[in-house]
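Let me begin by presenting the structure, written as structure tokens, before commenting on it.
Where a number appears in this text, it was derived from the coordinates with a stated rule and is not lab data. Computed from a predicted structure; not experimentally measured. We place every Cβ from the backbone using ideal geometry, glycine too, and count neighbours over all the protein chains shown.
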Amino acid sequence: MLIGRLGLEKARIPHSDRHGLVWLDRGRLEVEDGCLRFVTAGGGELAAGDYQIPHQALSIVLLGPGSSVTHDALRLLARHGCALAAIGEGAVRFYTAPPLMPDTSALAREQVRRWADPKKRMEVARAMYAIRFDEIVRTRDIEVLRGQEGARIKRSYQLAAQRHGVPWKGRNYDRNNPNAGDAPNQAINHAASAMRAAAAVAVASVGAIPQLGFVHEDSGQSFVLDIADLYRHDVTLDIAFGAAKEALKSGEPVERLTRQRAAKLFRQRDVIPTMIDRIKLLVGPEADQTGAPNEDDD
């Protein structure tokens, strides 16, 4: 509960205290008398008002569409080590973030330590697949894991299509023309893009290194892709096939419907906060004490 400068004592700013995230859109982020404030005419998540922002207690400000930020606000955020990210509606796009990270390198150093050790790297990959498959995977061969993933995701497509009552003819993705597929295939593409944006927010907010993935390898966003894939079998497909069903009924553009559904489900299911928790579980300094599988597990 944050008190607005215009007497909105009951005003709520979308804020996750435990993770230090604050969501703002359709307004101006500025500084007055040394205090960070957000002025909005309404139309987004907040009612019209002039809100004070507790920047000392935040890790990252997520600034949505229709917003602007002053130079003074950037300086104040930098001084207190609070990151600022420009995002799409509901964090379905991640556009940019100044390199302002938590004032500790503990998680990044632990990520590097696990990534550089082949055995520990495989432990993290197995833990990621355990989260996705909801079971402990036995193999320690990454190619075998990837093969298991391919078979399971194919079945997940079929089940999601049945659940939402959407015709499904199989995955058809042309990298050179991603909009050439049918509505379900286009929706999967757009939902995956939205999930990558959410994962990028989570990775940036904890100061993890996006290039050092444990399953993905070549992309400069490999760790982001790893985290996004943790939600591929359930949330991503729920977004995609739900949007495809609506698009087939209404005739509205599937991309817009997918973004809207993604923004809604990200909030309802606390997707970004749970991503942050899972990053800490997988590669945080306390990961060995949180039940992540190790090479002695059978």
- Item | Gaussian network model of the chain, springs between alpha carbon atoms under 10 Å - residue of 227, 53, 142 with greatest fluctuation | 142
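For the stretch 128-222, what is the Kirkwood hydrodynamic radius in Å, using each pair of distinct C-alpha atoms?
Numbers: mean 1/r = 0.0644 Å⁻¹.
Its Kirkwood hydrodynamic radius stands at 15.5 Å.
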- Task: Among 159, 145, 248, rank each residue by its count of other Cβ atoms within 10 Å, from fewest to most, as a rough exposure measure.
- Result: 159, 248, 145
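Looking only at the chain, where both bridge partners belong to it, what percent of the DSSP beta bridges are antiparallel (to the nearest 5)? Working shown, then result.
On the way: 15 of 25 bridges.
Counting only bridges with both partners in the chain, antiparallel ones make up about 60 percent.
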- Pick out, from 118, 137, 189, the residue whose Cα sits farthest towards the positive end of the charge dipole of the chain, with +1 on the Cβ of Lys and Arg and -1 on the Cβ of Asp and Glu. 189
- Between residue 162 and residue 138, what length in nm is gained on full extension when 0.36 nm per residue of separation is reduced by their alpha carbon distance? 5.7 nm
- Note on the structure: Proximal lysine pairs in the chain, meaning Cα under 28 Å and 8 or more positions apart or interchain, come to 13
- the chain, dipole about Cα centre (Lys/Arg Cβ +1, Asp/Glu Cβ -1), debye to the nearest 20: 680
- Among 177, 69, 54, the residue whose Cα sits farthest towards the positive end of the charge dipole of the chain, when +1 is placed on the Cβ of each Lys and Arg and -1 on the Cβ of each Asp and Glu, is 177
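What does the net charge come to around residue 228 if you take all other residues with beta carbon closer than 12 Å to its beta carbon, with K and R at +1 and D and E at -1? Could you put the intermediate results ahead of the total?
Details: positive: 132, 196, 232, 278; negative: 226, 229.
Net local charge, residue 228 excluded: +2.
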- Task: Can you tell me what the convex hull of the Cα atoms of the stretch 15-87 projects to on average, as an area in nm²?
- Result: 4.3
- Query: Could you give the dipole magnitude of the stretch 15-87 about its Cα centre, charging the beta-carbon of Lys and Arg +1 and that of Asp and Glu -1, in debye to the nearest 20?
  - Reply: 180
- Query: Using Cα pairs under 8 angstrom and six or more residues apart, how large is the relative contact order of the stretch 106-289, in percent?
  - Reply: 28
